[in-house]
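Below is one structure, written out as structure tokens; comments come after it.
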Amino acid sequence: IHAVQGVTFDVQAGEIYSLLGPNGAGKSTTISMLSCLLQPNQGDAFVMGHSVLHQPMDVKASIGVVPQEIALYEDISARDNL
């Protein structure tokens with residue numbers, strides 16, 4: 001079972017994009033990769049031209065993520081949780 005596999009999409013300035021799919025389809029995993037909370041097992045993801053693997057600080061400076069529920073990640077620092 002693959003939560004995410006072979007995903008490619010572009011979002012242009014001013015566009016609003018939505019991820020729709022059943023439970024387990026990979027929506028949350030995709031957002032977690034794009035926000036540098038998870039690393040892709042293969043390939044790379046880019047946000048505003050910045051690699052989530054090689055330029056995570058540039059990615060984080062370019063985005064904001066508001067989780068649906070309170071989300072604290074035990075494997076990252078308190079600062080990174082903010």
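The values are calculated or read from the model by the stated rules, or taken from the named source; none is laboratory data. The shown structure was predicted, so the numbers you read here are calculated from the model rather than taken from an experiment. Reconstructed Cβ throughout: ideal geometry from the backbone, glycine too, with neighbour counts over all protein chains shown.
Condition check ((1) touching a helix residue (DSSP H, G or I) at 6+ places or on another chain (Cβ under 7 Å); (2) of a type in the set (A, V, I, L, M); (3) assigned to a helix (DSSP H, G or I)) across all residues:
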{"residue": "D10", "(1), (2), (3)": "no, no, no"}
{"residue": "S18", "(1), (2), (3)": "no, no, no"}
{"residue": "A61", "(1), (2), (3)": "no, yes, yes"}
{"residue": "V66", "(1), (2), (3)": "no, yes, no"}
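Taking the conditions exactly as written (loosely packed, with under 12 Cβ neighbours inside 10 Å, at positive phi and not acidic (D, E)), does G64 satisfy them or not?
On the way: loosely packed, with under 12 Cβ neighbours inside 10 Å: yes; at positive phi: no; not acidic (D, E): yes.
Taking the combined requirement at face value, the residue does not satisfy it.
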Q) Would the stretch 49-56 turn up any residue that is surrounded by fewer than 12 Cβ atoms within 10 Å (Cβ to Cβ), assigned to a loop (DSSP other than H, G, I, E, B) and modelled with pLDDT of 90 or more? A) yes
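Is it true that some residue in the stretch 18-40 is surrounded by 12 or more Cβ atoms within 10 Å (Cβ to Cβ) and in contact with a Phe, Trp or Tyr (Cβ under 7 Å, 6 or more places away or on another chain)?
Taking the stretch 18-40 and keeping what is surrounded by 12 or more Cβ atoms within 10 Å (Cβ to Cβ), we get 19, 25-40.
From what is left, the residues that are in contact with a Phe, Trp or Tyr (Cβ under 7 Å, 6 or more places away or on another chain) are 37.
Checked against the condition, which is being surrounded by 12 or more Cβ atoms within 10 Å (Cβ to Cβ) and in contact with a Phe, Trp or Tyr (Cβ under 7 Å, 6 or more places away or on another chain), the stretch 18-40 yields at least one hit.
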